[in-house]
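Report on the structure given below.
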Amino acid sequence: MGVSYPASSPTVSLDILHIEEFILAGGILQRNRPEGSGRSSSDMSEIVPPEVRPKPAVPAKPSHVGPSPTGIPSAHGSQGSGAGGQGLGGGSALLGYIGIDTIIEQMRKKTMKTGFDFNIMVVGSSGLGKSTLVNTLFKSQVSRKSSGWSRDEKIPKTVEIKAVSHVIEEGGVKMKLTVIDTPGFGDQINNENCWEPISKYINEQYEKFLKEEVNIARKKRIPDTRVHCCLYFISPTGHSLRQLDLEFMKHLSRVVNIIPVIAKSDTLTVEEKNEFKQKVRKELEMSGIEFYPQKEFDEDLEDKSDNDKIREAMPFAVVGSDKEYQVNGKRVLGRKTPWGVVEVENPNHCEFSQLRDFLIRSHLQDLKEVTHNIHYETYRAKRLNDNGGLHPISSATPSGTQESNL
């Protein structure tokens, strides 16, 4: 329906759609009328307030840039509710596309080129399958220097601390994985201070990093051999922790991220497993041993909520195996028993998948950050305060590091 003016004025006829288009274009409807004449109730100049001004044209977002993540203003950013165009949190409104949302993609591309480093240590008594579990975690023979090592071969016994590095790749992402395999302890008659060689190795890696860091002409990217995570294997006795286990973890937890796991958990019934896990958690708490993720490092309520669930599930009761078996028409990793196959990645059989998701898919980066910001910084501060500078320590390390590509 149109709007008509009296005969004394030129007739203007606009439908609603034309009015909306005119308003969006930033125009102000006017009509000619004799000077000094009164306004009509149908005066179209009332439709748009006089303070409205044409908006500047907003540049279009480039077609090659993906959609903006949640929380990042789009090209048509909101004008804000406060004075001066300030939105919530004091952020300024954007009048055009800038490209802030591409920063994450830039970081991803750079990281894809440089790759990641992750160093994991396995510690525990002899015969608990430490090397086997690490191979199962990364679905490769990463605990041995030869990538062509056959699954049918028996894994030799570890007799010294040995670091073996492999470059593994998945989905275009490369990671240099270093596995530090340690000899089983507790077999000797005198086990006093048997944790010292392992603690010394960990500190030697901090020392190497510190020396590189304080160099005047240091490398653009310092090689990182620091131990980011230590899997501590607990024997599935079903009773309580040995005093040696408590002493070992107490000393190591001061210098590295400890993650306790119950090895070969298929030897326990479901009731025995749950009862044993509760005992272990209680004994660790009574002994003042903090395992990763430490409560004091929770950054916010969301972190605390997620980590509380993990802490309640620890220590993870796991089963490791390098061998595959046919189950319901599928090839699965597992351990064959007279009553069936214990499937490693079946959450109804063991908690291996929970450990893997926690260690690799959700907390790998945080393990590295806690190592750098907490454990390494503690060592660095003590080292510089005690000595007033850097003095070389023994350059002889327990082992060399072999590298290979998978």
- Note on the structure: If amide H atoms are modeled at 1.01 Å from N in the peptide plane, then the residues at a separation of 5 or more from SER240, or on another chain, having amide H under 5 Å from its own are none
- Message: Using all alpha carbons of segment 228-301, what is the percent of pairwise distances in each 5 Å bin, ordered from the shortest bin to the longest?
- Response: 3, 16, 26, 23, 17, 10, 4, 1
- Query: Going through segment 234-298, which chymotrypsin sites (Phe, Trp or Tyr not before Pro) have at most 15 other Cβ atoms within 10 Å and a DSSP loop state?
  - Reply: none
- Name the long-range amide H neighbours of GLY124: under 5 Å, sequence gap of 5 or more, or other chain; modelled H, no Pro or chain starts. PHE185, PHE233
- Among VAL214, SER240, CYS230, the residue whose Cα sits farthest towards the positive end of the charge dipole of segment 184-248, when +1 is placed on the Cβ of each Lys and Arg and -1 on the Cβ of each Asp and Glu, is VAL214
- Query: HN-Hα J couplings of segment 323-331 from phi, Karplus 6.51/-1.76/1.60, θ = phi - 60°, integer Hz, Gly and Pro as x?
  - Reply: 9, 10, 9, 8, 9, 6, x, 10, 8
- Item | Euclidean distance between Cα centres, segment 291-342 to segment 260-287, Å | 13
- Task: Please report, as a whole percent, how much of the solvent-accessible surface of segment 185-331 comes from carbon and sulfur atoms (probe radius 1.4 Å).
- Result: 47
- Query: Ignoring ligands, DNA and RNA, how do ILE202, ILE216, ILE104 rank by accessible area with a 1.4 Å probe, largest first?
  - Reply: ILE216, ILE104, ILE202
- Note on the structure: Taking protein heavy atoms only, a 1.4 Å probe, and rounding to whole percent, the accessible area of segment 88-139 owed to carbon and sulfur comes out at 63
- Accessible area (Å², 1.4 Å probe, nearest 10) - LYS295: 150
- Compute the length gained on full extension between GLU302 and ARG221: take 0.36 nm times their separation in residues and subtract their Cα-Cα distance, giving the result in nm to one decimal. 25.9 nm
- In debye to the nearest 20, the charge dipole size for segment 255-344, taken about the Cα centre with +1 at each Lys and Arg Cβ and -1 at each Asp and Glu Cβ, equals 720
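The values are calculated or read from the model by the stated rules, or taken from the named source; none is laboratory data. Quick caveat, the model's predicted, so the values are computed rather than measured. Glycine gets a Cβ as well: all are built from the backbone with ideal geometry, and neighbour counts include every protein chain shown. When the accessible area is computed, the model is the full protein with side chains, heavy atoms only, and any ligands, DNA or RNA have been set aside. Shrake-Rupley method; radii C 1.70, N 1.55, O 1.52, S 1.80 Å.
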